[in-house]
Amino acid sequence: RAIGIYQKALEQDQRNTDMLLRLGAAQLAAEQLDLAEQTLARVIRETPNSAEAEYFIGRVDFARGRSPDALTHFTRAVSLDGTKGEYHLYVARASLAMQNLSRTLEAVEAAHLLTGPEDAFLLAALPHPGSERSRHGARSSHAGEGETVAHMWTSSPAERDWLAEHGFPGAGEFSVRR
């Protein structure tokens with residue numbers, strides 16, 4: 001229904017990039033990924049400094065499993081508007097999908113600082129070669145004055161081994177104090 005409303009409005013003014021952005025977001029929500037990507041790419045061409053367009057096209061890439069491309073868009077969105085905790089959380093999700101744990105922790109911490117006293121929290125079901133989808137997560141919480149504790153976990157034995165090989169303690173769950 002929202003898609004039809006935005007399309008009708010665009011018939012009146014085809015250059016309304018705000019309406020195009022809303023249409024692309026609605027197409028993403030309706031899982032019309034090809035259309036969303038086309039619409040959002042047009043918004044980015046016409047308004048290259050649109051943090052929202054970068055974020056939403058990153059969501060399209062993330063939905064398609066293209067984590068490196070998604071991370072590029074999410075990072076650009078953060079650089080254009082670093083005040084949105086959701087943008088940082090998606091940087092964390094894409095980084096986690098790529099097993100870049102230090103970047104994941106940095107992004108979770110940034111989101112936490114922006115969202116206030118509640119925990120910044122994310123979960124991602126990510127494919128792992130040779131296994132069913134494994135569960136991953138990251139969360140941060142304040143430990144005290146100027147300190148943040150970041151926690152990460154995974155249900156995959158192979159990923160727990162990877163964590164151990166890269167110096168992260170624990171059997172699939174660890175915390176880092178900053």
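A short reminder: the numbers here are calculations on the coordinates, not readings from a lab. If you're wondering where the values come from, they're calculated on a predicted model, not measured in any experiment. Here Cβ is always computed from backbone atoms with ideal geometry, including for glycine, and neighbour counts include all displayed protein chains.
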15 Å beta-carbon shell around Tyr87, net charge (K/R +1, D/E -1):
-2
Give me the extension gain from Glu86 to Ala2: residue separation times 0.36 nm, minus the current Cα-Cα distance, reported in nm with one decimal.
28.0 nm
Please list 60-68, 36-44, 20-28 highest first by mean number of surrounding beta-carbon atoms within 10 Å per residue.
20-28, 36-44, 60-68
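Normalising by the residue count of the range 1-125, find the relative contact order in percent from Cα pairs under 8 Å and 6+ residues apart.
Numbers: 159 pairs, mean separation 18.5, N = 125.
Reported as a whole number, the value is 15 percent.
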How much net charge surrounds Leu35 when only the other residues with a Cβ under 15 Å from the Cβ of Leu35 are counted, with Lys and Arg +1 and Asp and Glu -1?
0
Quick one: if you stick a label point 7 Å off each Cα along the C-beta vector at Ala29 and Leu10, how many nm between them?
1.6
Explain nothing, just compute: Karplus ³J(HN,Hα) = 6.51 cos²θ - 1.76 cosθ + 1.60, θ = phi - 60°, for every residue of the range 61-77 in order, whole Hz, x for Gly and Pro.
4, 5, 4, 8, x, 9, 4, x, 5, 4, 4, 4, 5, 5, 5, 5, 4
